[in-house]
Amino acid sequence: MFGPDRCGTESKVHFIIRHRNPLTGAISEHHMMPRPPIKNDKNTHLYTLYIKKDNTYSVEIDRQVAKQGSLFSDFEPSINPPKEIDDPTDSKPSDWVDEARIPDVDATKPDDWDESEPATIPDTSATKPGDWDEDEPEHIPDPENARPEGWDDEEDGEWIPNTVPNPACEEHGCGKWTAPMIKNPKYKGKWVRPLIDNPAYKGEWKARQIPNPDFFEDPHPHAVSPAINAVGIEIWTMTDSIMFDNFLI
């Protein structure tokens, strides 16, 4: 599968290969990673995919290369499985220590460490601007938000209009003034023991490797099987004026 995809805040160009296992005949999906973003505007764009006989590929947007690479290394999971895999019967020894750093048990909190100090404090040097109006509210009822016809306070509850920013506050501050907050120079936070190297550390444990019983090597993944034999569009949108045309395989 190849083409642009936009869903919410996600934006990407898909290239997905459905590959047939030469040993079992099973078909699996392999996704190009990472995926380049689409052109997110209202203009017409040309998306092109080249699959080459040297087992490389190229993704172009408007004739400009957005991503290129190898069919062997750029897909998850890999088209050709690894020659070796973790031994499922192997397990980490109970006395294996894989924590590289540990708290220093000999460390003590300094006497002058004050955990009660807050991270921020009011700026005592700040003063209320001269044009600040504490009598004017920051928000006012929306004059265009009229009480709906048929509203019944007993059945629907008390009707409360929406509020909007007070236009009288566009040029100066309104509402109760409070001093801005600044970083507290006395803040130290909660004291924790510093970390030191763990003398018992053995490193990251890894299972021993064994030959992969499902290993195969397809030297020609560019010869896509099953072959590309259809064009399909999957779309769910709330935006009109989206069109697709000029497909070429």
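No lab work stands behind these numbers, since they all come straight from the coordinates. A quick note: this is a predicted structure, and the numbers were derived from the prediction, not measured. In this analysis, Cβ positions are derived from the backbone assuming ideal geometry, glycine residues included, and neighbour counts consider all displayed protein chains.
What residues have an amide H closer than 5 Å to that of Ile196, excluding those fewer than 5 places away on the same chain, when H is modeled at 1.01 Å from N in the peptide plane?
HN-HN under 5 Å from Ile196: Ile102, Asp104.
Quick one: among Met33, Met181, Met238, which has the greatest mean-square fluctuation in a GNM of the chain with alpha-carbon springs under 10 angstrom?
Met238
Given the DSSP H assignment, sum -39500 (n - 2.57) over each helix run of at least 4 residues in the chain and divide by its residue total; what's the result at 222 nm in deg cm²/dmol, nearest 500?
So the helix-based figure for the chain works out to 0 deg cm²/dmol.
Quick check of the Kirkwood formula: for the range 1-152, what is the inverse mean of 1/r over all pairs of different Cα atoms, in Å? All intermediate terms of the calculation are to be shown ahead of the outcome.
Details: mean 1/r = 0.0411 Å⁻¹.
So the Kirkwood estimate lands at 24.3 Å.
Determine the principal axes of the Cα atoms in the range 123-249, then give the extent along each, sorted from largest to smallest and rounded to whole angstroms.
So the three principal-axis extents are 78, 63, 38 Å.
Taking every DSSP beta bridge that has both residues in the chain, what percent is antiparallel when rounded to the nearest 5?
The answer is about 95 percent antiparallel.
Given bins 10 angstrom wide, list per bin the percent of all Cα-Cα distances in the range 23-80, short to long.
That works out to 20, 44, 26, 8, 1, in percent per bin.
All other residues with a Cβ under 14 Å from the Cβ of Tyr57 taken together, and with Lys, Arg as +1 and Asp, Glu as -1, what is their net charge? It would help to have the intermediate numbers written out before the result.
Values: positive: Arg35, Lys52, Lys53, Lys67; negative: Asp54, Glu60, Asp74.
With Lys, Arg at +1 and Asp, Glu at -1, the net is +1.
Dividing the Cα convex hull volume of the range 183-246 by residue count, how many Å³ per residue is that?
So the per-residue hull volume is 438 Å³.
Output the peptides 38-49, 74-85 sorted from most to least packed, where packing is the average of other Cβ atoms within 10 Å over each peptide's residues. Mind dumping the intermediate values first?
Working: 38-49: 12.0, 74-85: 14.9.
Listed from highest to lowest mean packing, they are 74-85, 38-49.
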